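Please read the structure below before turning to the comments.
The values are calculated or read from the model by the stated rules, or taken from the named source; none is laboratory data. Computed from a predicted structure; not experimentally measured. Here the Cβ positions follow ideal geometry from the backbone for every residue, glycine too, while neighbour counts run over all protein chains shown. Side chains are part of the model used for accessible areas, which takes the heavy atoms of the whole protein and leaves out ligands, DNA and RNA. Shrake-Rupley method; radii C 1.70, N 1.55, O 1.52, S 1.80 Å.
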Amino acid sequence: MSAEHTDPTRAEVCAVAVADAFAEDGETLASPIGLIPMLGARLARRTVNPDLVLSDGVSLFVADDPPLGESGQEVEGWFPHPRVFDMLTFGRRHVMMGAPQLDRHGNQNLSAIGDFDRPDRQLLGTRAAPANTVNHRTSYWIPRHSPRALVERVDVVCGVGAAAARAAGSGATRFHDLHRVVTDLAVLDFTGPDGTLRVRSVHPGVEAEELRAATGFALELPDPLPRTRLPRPEELRLIREVLDPRGLREREVPTR
Amino acid sequence: MDPRPRDKRMEIDDVVAELRDGMTIGIGGWGPRRKPMALVRAILRSDLRDLTVVSWGGADLGLLARAGKVRRAVYAFVSLDSVPLEPSFQRARQSGTIPEVVELDEQMFLTGLRAAAQRLPFLPTRAGLGSDVLVHNPEIRTIRSPYPGPDGAYDDLVAMPALRLDVALVHLNRADAHGNATYLGPDPYFDDLFCLAADRAYVSTERVVPTAELSDGVPVQRMLLNRLMVSGVVETPNGAHFTACTPDYPRDEAFQQLYARAARGSDEDWAAFRDRFLAGDEAAYQDAVRTWTEQR
């Protein structure tokens, strides 16, 4: 694919939306989970936020931004698992996690689908979603925006939404900071009534009806619908020539 | 006479002989990385039952759950990384064969181990507040901070109970006969904490070396375990297989795929895998893996 001369793909729009989510963090540890989040975070460091701190996902802080699928060469620190949890509670961290289920209140589930005691489908487990959401900024990445992912009520509350945090008191709300949701169709945030999900923008080519049908709860859509911004030429060049020359991004968000 | 500390070398089956039905066993490593798999396989061969397993879960927890050894599973995730969902564990959960499930947040899990290592009944953490972890584990209480925050509010926090272990099993790259041990890979994980949280800890190792060799060309910061924390040492070359034991060997990705396919497959598929690889002792396992690798 030659740079700049073809239209941006949906995957590229998503990557730029992810970069925008990390734009205002300053010197923060970004923990992007997934291909597009990783691409977006590396793009953010190359453009809007050079202070961002990134790890290789194993045990090092890396100062350079290698192509997707490769690990960085320039080590700027040691970041083994025990330190991850220190950094988590220290708070200067912004995680972008997956969300097999996310509800309108911002509760996220990556534990199990169905009844917890006898799940239809056991997923990864709770991981650190409860800790993340009461300790530092948290965003979500949903590569398939569908009624199965965006649900009225999650089966297991792992990541804590605003109402659940409020109900648990100041211990839970003190550092609670849900930031952004990027999906393959839209960008959402949590500025709806009582901290519920709100559509910020819809990706180019996505219509209101498509978004409504893909969401498992009633979405209020602004009229006219704001559009997610297109990648700038320099961002496209970085994505296509530097950060993902093999086009791995298209696997996570195929062009339809 | 050369006064040296006790020689704690043991055979794999000596370690298993120290275990009892109903014990709480902590297993070190992380997911598919540096798991004491030779010891796990030995437990699989034993008559042990009703175990509580505390683990950053990978195939260790999957295999033990599938074999019906686990009465209580304590974990925050179970994953093989390149195979995101551990198929044996998934199957056990979906068929309801683990009687008690304690699924925690990772920070809660860590806080519980730290409380045990400090011999405290609990330690406070924010993690878990507002989540269903507290709904599904109603025995875990919250506690009000005796100190006000900057805004004058008194935070309610999770009082994470100590995850005290009867026994910890860990695998390190090198150990001496006395229980000092070194990891050579990128990450210590929490193996030292597991040992401190346990009444007794057993370390399996790629190679037992003289004490002086542990720090020979190796930064002393890599000496993770000291003999105060360790009751026994077992030499088990390739003993973390098929998990990674960097830099001695990477994860055996091909074998992991073979395992995952069998675990996801029919009862016959699983029986064939089990009979081929898990029916005999550790030497038989290593032989079977070698043969399979050569035939590929």
Complete set of residues in segment A:89-126 that are open to solvent by less than 30 Å² (accessible area, probe 1.4 Å), of a type in the set (A, V, I, L, M, F, W, C) and facing another protein chain (nearest Cβ under 10 Å): A:LEU110, A:ALA112, A:PHE116, A:LEU123
B:LYS35, sole failed condition from (1) of a type in the set (D, E, K, R); (2) over 20 Å from B:MET229 (Cα atoms); (3) under 15 Å from the mean Cα position of the chain (by Cα): (2)
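For every residue, the table says whether it meets (1) in contact (Cβ under 8 Å) with a residue 60 or more places away in the chain; (2) part of a loop (DSSP other than H, G, I, E, B); (3) of a type in the set (Val, Ile, Thr); (4) buried (at least 22 other Cβ atoms within 10 Å of the Cβ).
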{"residue": "A:ALA172", "(1), (2), (3), (4)": "no, no, no, yes"}
{"residue": "A:ARG212", "(1), (2), (3), (4)": "no, no, no, no"}
{"residue": "A:ALA218", "(1), (2), (3), (4)": "no, yes, no, no"}
{"residue": "A:THR255", "(1), (2), (3), (4)": "yes, yes, yes, no"}
Residues satisfying the stated conditions in segment A:9-24, i.e. surrounded by fewer than 24 Cβ atoms within 10 Å (Cβ to Cβ) and outside any helix (DSSP H, G or I): A:THR9, A:ALA23, A:GLU24
Residues of segment A:30-64 satisfying the condition of being away from every other protein chain (no Cβ under 14 Å), surrounded by fewer than 22 Cβ atoms within 10 Å (Cβ to Cβ) and of a type outside the set (Val, Ile, Thr): A:ARG45, A:ARG46, A:ASN49, A:PRO50, A:ASP51, A:ALA63, A:ASP64
Members of segment A:156-165 found to be in a loop (DSSP other than H, G, I, E, B) and either hydrophobic (A, V, I, L, M, F, W, C) or surrounded by fewer than 22 Cβ atoms within 10 Å (Cβ to Cβ) (or both), listed by number: A:VAL156, A:VAL157, A:CYS158, A:VAL160
Residue count, segment B:151-192 (criterion: among the polar types (S, T, N, Q) and touching a Cys at 6+ places or on another chain (Cβ under 8 Å)): 1
Candidates B:ALA59, B:ALA65 - the one that is more than 13 Å from the chain's Cα centre (by Cα) and open to solvent by less than 20 Å² (accessible area, probe 1.4 Å): B:ALA65
Count - residues of segment B:100-133 that are surrounded by fewer than 24 Cβ atoms within 10 Å (Cβ to Cβ) and within 7 Å of another protein chain (Cβ to nearest Cβ): 1
Hits in segment A:171-184 - residues which are touching a strand residue (DSSP E or B) at 6+ places or on another chain (Cβ under 7 Å) and of a type outside the set (D, E, K, R): A:GLY171, A:LEU178, A:HIS179, A:VAL181, A:VAL182, A:THR183
Which listed residue is surrounded by 18 or more Cβ atoms within 10 Å (Cβ to Cβ), more than 7 Å from every other protein chain (Cβ to nearest Cβ), modelled with pLDDT of 95 or more and within 24 Å of B:ASP81 (Cβ to Cβ), from A:ALA131, A:ALA149: A:ALA149
Segment A:134-144, subset assigned to a loop (DSSP other than H, G, I, E, B) and without any contact (Cβ under 8 Å) to a residue 60 or more places away in the chain, residue farthest from the other protein chains (Cβ to nearest Cβ): A:ARG144
Selection status of B:ARG71, assigned to a helix (DSSP H, G or I), farther than 22 Å from A:VAL134 by Cα and open to solvent by 10 Å² or more (accessible area, probe 1.4 Å): no
Helices (runs of 4 or more DSSP H) enclosed by segment B:82-167 - at least 2 residues per element that are in contact (Cβ under 8 Å) with a residue 24 or more places away in the chain, among the small types (Gly, Ala, Ser) and under 22 Å from B:GLY58 (Cβ atoms): B:87-94, B:106-117
Of residues in segment A:8-35 being within 13 Å of the chain's Cα centre (by Cα) and β-branched (Val, Ile, Thr), the one farthest from A:ASN132 (Cα to Cα): A:VAL16
Criterion (of a type in the set (A, V, I, L, M) and more than 30 Å from A:LEU35 (Cβ to Cβ)) met by exactly one of B:LEU61, B:LEU80, B:LEU51: B:LEU51
Residue list for segment B:18-72, filter: within 21 Å of B:LEU196 (Cα to Cα) and β-branched (Val, Ile, Thr): B:THR24, B:ILE25, B:ILE27, B:VAL40, B:THR52, B:VAL53, B:VAL54
Residue tally, condition open to solvent by less than 70 Å² (accessible area, probe 1.4 Å), facing chain A (nearest Cβ under 9 Å) and over 25 Å from B:GLU103 (Cα atoms), over segment B:146-157: 2
Selection status of B:THR236, of a type outside the set (A, V, I, L, M) and under 20 Å from the mean Cα position of the chain (by Cα): yes
Among residues of segment A:179-206, those that are surrounded by 23 or more Cβ atoms within 10 Å (Cβ to Cβ), touching a residue at least 40 places away in the same chain (Cβ under 8 Å), in a strand (DSSP E or B) and not β-branched (Val, Ile, Thr), counted: 1
Only listed residue being closer than 18 Å to B:LEU61 by Cα, touching a helix residue (DSSP H, G or I) at 6+ places or on another chain (Cβ under 8 Å) and open to solvent by 40 Å² or more (accessible area, probe 1.4 Å), chosen from B:ARG276, B:ARG264: B:ARG264
